[in-house]
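Reviewing the structure listed below.
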Amino acid sequence: MERPSRQRQQERDTEQETDESTVACPECDSENIVTDADQELVCEDCGLVLDERNIDRGPEWRAFNHNERQSKSRVGAPITETMHDKGLTTTIDWKDKDAYGRSLSSEKRSQMHRLRKWQERIRTKDAGERNLQFALSEIDRMASALGVPRSVREVASVIYRRALNEDLIRGRSIEGVSTAALYAACRQEGIPRSLDEVADVSRVPQKEIGRTYRYISQELGLELRPVDPKQFVPRFASSLQLSEEVQSKATEIIDVSAEQGLLSGKSPTGFAAAAIYAASLLCNEKKTQREVADVAQVTEVTIRNRYQEQIEAMGFR
């Protein structure tokens, strides 16, 4: 009669413990051998690692209580807010190949084409889900064009879903709300993107984006701080191929000017552009106002006005 599996497992564990206890350290001949948190056999006396090839069969995440273990336990890819179904539905690949990489027959290809078409149809059950799918795809498209990280896309998707649940979409275009959600996510995550840059990749006018952004941020209670001009300095300086010295000087100019209250009511991109222009002159890496204005997407008049204010604040005449 076969023994119960639990009893066999206990015997295996006992044998493994016996094997570990009989192992001696080749360096100091000690028998104080333990298994550490990384599943390695280590000598307690001299610290020599005797075996590091053990396989850790546990999960890659850590949990400290039952609720965390339940929330982190998963099968397959993690859920994402950037998809209307949170990535929980099936996706049929378009490559028309089997599990071994072989091409499918013409009959199978037509069958998979029909299955793929019906799968796309049943993923959205009503007009609300179709609109959500379109909005999230717009956020993904604009985020790719702006080059922002995936965390910003997740935050923008969450903001749009909150606006949808609060019924803030009614009477406004889907593109306008999705663009405003992406701009709010950039502000929230500290990714410097101006309203002009967001409007360039959007399909709605800048005025509508600004109006929608102010509305949803007020209704949802988004705590957004004013944009710091120093966040734009590294990107603008990199586009102009300026040195670290110019970046440091531009940051110093912004700090001194802000302490004197010159930043209040001014555009952060224009303020950063003027600081970079002034720093390039002071560090003998001169760039023209037109070059700086093209990178910062501001006018030369803005740069001249902010430049004069910053030079006076620094004590230069």
Is it the case that region 265-274 has a residue that's out of contact with any helix residue (DSSP H, G or I) (no Cβ under 9 Å at 6 or more places or on another chain) and modelled with pLDDT under 90?
yes
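To keep it simple, each residue is scored yes or no on (1) in the same structural domain as D167 (by the TED database); (2) within 30 Å of S173 (Cβ to Cβ); (3) not polar (S, T, N, Q).
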| site | (1), (2), (3) |
| --- | --- |
| V198 | yes, yes, yes |
| R211 | yes, yes, yes |
| R235 | no, yes, yes |
| S238 | no, no, no |
| E245 | no, no, yes |
| S248 | no, no, no |
| S280 | no, no, no |
Here are K117, K125, K108, K72: which of them is closer than 26 Å to Q188 by Cα and surrounded by 10 or more Cβ atoms within 10 Å (Cβ to Cβ)?
K72
Just a yes or no: is a residue in region 12-33 closer than 30 Å to E129 by Cα, open to solvent by less than 60 Å² (accessible area, probe 1.4 Å), part of a loop (DSSP other than H, G, I, E, B) and at pLDDT 80 or above?
no
Do we find a residue being within 14 Å of I209 (Cα to Cα), modelled with pLDDT of 90 or more and assigned to a loop (DSSP other than H, G, I, E, B) anywhere in region 120-142?
no
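Yes or no, residue by residue, for (1) open to solvent by less than 50 Å² (accessible area, probe 1.4 Å); (2) touching a strand residue (DSSP E or B) at 6+ places or on another chain (Cβ under 8 Å); (3) of a type in the set (D, E); (4) assigned to a loop (DSSP other than H, G, I, E, B):
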position: E245; (1), (2), (3), (4): no, no, yes, no
position: V298; (1), (2), (3), (4): yes, no, no, yes
position: I303; (1), (2), (3), (4): yes, no, no, no
position: Q310; (1), (2), (3), (4): yes, no, no, no
Quick test of your reading of the structure: R214 fulfils all but one of (1) open to solvent by less than 70 Å² (accessible area, probe 1.4 Å); (2) farther than 17 Å from A143 by Cα; (3) modelled with pLDDT of 90 or more. Name the failing condition by number.
(1)
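Assigned to a loop (DSSP other than H, G, I, E, B) and modelled with pLDDT of 80 or more: does that describe D38? Walk me through how you get there before you give the answer.
Numbers: assigned to a loop (DSSP other than H, G, I, E, B): yes; modelled with pLDDT of 80 or more: no.
Taking the combined requirement at face value, the residue does not satisfy it.
Consider region 149-208. How many of its residues are of a type in the set (S, T, Y), surrounded by fewer than 17 Cβ atoms within 10 Å (Cβ to Cβ) and not in a helix (DSSP H, G or I)?
First, pick out the residues of region 149-208 that are of a type in the set (S, T, Y): 151, 157, 160, 173, 178-179, 183, 194, 202.
In the following step, the residues that additionally are surrounded by fewer than 17 Cβ atoms within 10 Å (Cβ to Cβ) were identified as 151, 173.
Of the ones still in play, those that are also not in a helix (DSSP H, G or I) are 173.
Count: 1.
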Show the residue pairs that are 6+ apart or on different chains and have beta-carbon atoms under 6 Å apart, the first residue being within region 135-163 and closer than 13 Å to T179 by Cβ, the second being open to solvent by less than 60 Å² (accessible area, probe 1.4 Å) and basic (K, R).
A143/R153; L146/R193
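Out of A250, A278, A258, I need the residue that is in a helix (DSSP H, G or I), open to solvent by less than 70 Å² (accessible area, probe 1.4 Å) and modelled with pLDDT under 90. Which one? If you could, list the steps in order and put the result at the bottom.
Numbers: A250 fails: modelled with pLDDT under 90; A278 fails: modelled with pLDDT under 90.
Sole residue among the options that is in a helix (DSSP H, G or I), open to solvent by less than 70 Å² (accessible area, probe 1.4 Å) and modelled with pLDDT under 90: A258.
The values are calculated or read from the model by the stated rules, or taken from the named source; none is laboratory data. Please read all numbers here as calculations on a predicted model, not as lab measurements. Every residue, glycine among them, receives a Cβ derived from its backbone with ideal geometry; neighbour counts consider all protein chains shown. With ligands, DNA and RNA removed, areas are computed over all heavy atoms of the protein, side chains included. Shrake-Rupley method; radii C 1.70, N 1.55, O 1.52, S 1.80 Å.
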